[in-house]
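**Student:** Okay, here's the structure, questions in a sec.
Every read-out reported here was derived from the displayed coordinates using simple, explicitly stated rules and does not represent laboratory data. Since this is a predicted model, take the numbers as computed values, not measurements. FYI the Cβ positions are ideal-geometry reconstructions off the backbone, even for glycines, and counts take in every protein chain you see.
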Amino acid sequence: MMWGSDYPHSESTWPNSRASIAQAVAAVPAGAARRILGLNPIDFCRFDADVLTSAAARIGPSPAEVPAAA
């Protein structure tokens, strides 16, 4: 399972994406939320985890901003 958004379309969750992500994983255990929000796509698509971790640190949201994943 992976989380995704349809940004930049007008019906996307922006500028409320952080709240939308938090709501989407609110009832999910933290480890599963981390897999759904990032680790599963990295594994499945064979992305470079170091590059994406660096980008995520600059752009966010951080795990602290997503209560279920903190």
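**Student:** Given (1) touching a helix residue (DSSP H, G or I) at 6+ places or on another chain (Cβ under 8 Å); (2) surrounded by fewer than 12 Cβ atoms within 10 Å (Cβ to Cβ), where does V66 come up short, assuming only one miss?
**Tutor:** Result: V66 passes all but (2).
**Student:** Does E11 satisfy the criteria of being surrounded by 13 or more Cβ atoms within 10 Å (Cβ to Cβ) and among the acidic types (D, E)?
**Tutor:** Spelling it out, it is not the case that E11 is surrounded by 13 or more Cβ atoms within 10 Å (Cβ to Cβ) and among the acidic types (D, E).
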